[in-house]
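Beneath this line is the structure, given in structure tokens, with notes to follow.
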Amino acid sequence: MYTTFIFDVDGTLLNTEQAILGSLQELLRSQYNREMNQQELVFALGIPGAVSLRQLGIEDVDHANKCWIDLMRDYQHTIDVYDGIQELLTDLREQSIRTGVVTSKTTQEFIYDLVPFGLIRNLPYVVCADDTKLHKPHPEPLLKFLEISGAQAEASIYIGDTIYDYECARDAGVDFGLALWGCRQPEAIPAKYKFTHPKDILALLSLQSI
């Protein structure tokens with residue numbers, strides 16, 4: 001059924017929540033004299049930083065986004081790979097499954113966050129925020145992935161943790177699997193599959209062999 005497995009990054013491959021929200025809090029405090037708790041900033045998870053900043057009413061988005069990226073480096077120690085992801089990606093590669101990423105990170109952020117963990121070698125196809133004009137939840141990023149990888153929508157599955165990921169997949173004609181390990185509101189996302197642990201994704205390959 002599926003020959004291509006596409007992954008979101010934040011909340012799916014990497015646990016970056018504290019890095020994103022902590023650095024955004026610090027940005028707002030230090031640059032704009034605004035105090036906001038992390039619950040108020042959860043909306044920023046899963047969409048490009050520039051979009052989040054505009055929603056916060058910040059006008060100098062380019063400058064603010066650069067400062068945010070710089071601040072996030074202070075939180076690098078809080079980022080880690082979810083348990084089971086390394087093994088999952090290795091298993092998919094060994095079974096000749098096409099894999100890749102569609103993320104709201106910029107290319108710079110993607111390289112900075114993923115290179116230290118060695119995930120890139122198992123994710124040859126990548127679409128970042130600066131690769132498309134429109135971003136999740138719009139389907140353009142996934143459609144771009146299908147274009148560059150040669151994958152077929154009906155033979156692909158996108159795995160992510162937010163409603164933006166689900167809507168992007170739905171409108172691109174791609175099935176969606178929800179990564180429960182990084183999801184805050186699983187009951188609000190009508191995914192075709194809901195995975196408790198990364199290893200559960202491999203069950204899709206077992207179903208295909210029956």
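Of all residues in region 143-187, those being under 19 Å from L14 (Cβ atoms), free of Cβ contacts under 8 Å to residues at least 60 places away in the same chain and of a type in the set (D, E, K, R) number 0. Restricting region 69-87 to residues that are of a type outside the set (V, I, T) and touching a strand residue (DSSP E or B) at 6+ places or on another chain (Cβ under 9 Å), the residue that is most open to solvent (accessible area, probe 1.4 Å) is D80. When each of E40, E26, E35 is tested for being at pLDDT 95 or above and buried (at least 16 other Cβ atoms within 10 Å of the Cβ), the lone residue that passes is E26. Within region 73-88, track down each residue that is on the phi < 0 side of the Ramachandran plot and either touching a His at 6+ places or on another chain (Cβ under 6 Å) or polar (S, T, N, Q) (or both). Q76, T78, Q86, listed by residue number.
Looking across region 98-116 at every residue that is farther than 21 Å from L180 by Cβ and among the hydrophobic types (A, V, I, L, M, F, W, C), the one that is nearest to the chain's Cα centre (by Cα) is identified as F110.
Taking the residues in region 115-141 that are touching a Lys or Arg at 6+ places or on another chain (Cβ under 8 Å) and either part of a helix (DSSP H, G or I) or open to solvent by less than 10 Å² (accessible area, probe 1.4 Å) (or both) as candidates, determine which candidate is nearest to Y2 (Cα to Cα). Applying the filter and picking the extreme gives N122. The set of residues in region 188-202 being among the aliphatic types (A, V, I, L, M), without any contact (Cβ under 8 Å) to a residue 40 or more places away in the chain and either open to solvent by 50 Å² or more (accessible area, probe 1.4 Å) or more than 20 Å from V42 (Cα to Cα) (or both) consists of A188, A191. Taking the criterion of being more than 17 Å from P190 (Cβ to Cβ), open to solvent by less than 60 Å² (accessible area, probe 1.4 Å) and not in a helix (DSSP H, G or I), the residues of region 142-173 that qualify are G150, A151, S156.
The values are calculated or read from the model by the stated rules, or taken from the named source; none is laboratory data. Predicted model only: the values in this text are computed from it and were never measured. Note that we place each Cβ from the backbone using ideal geometry, even for glycine, and neighbour counts take in every protein chain shown. These area figures cover heavy atoms from the full protein model, side chains too; ligands, DNA and RNA do not enter into them. Shrake-Rupley method; radii C 1.70, N 1.55, O 1.52, S 1.80 Å.
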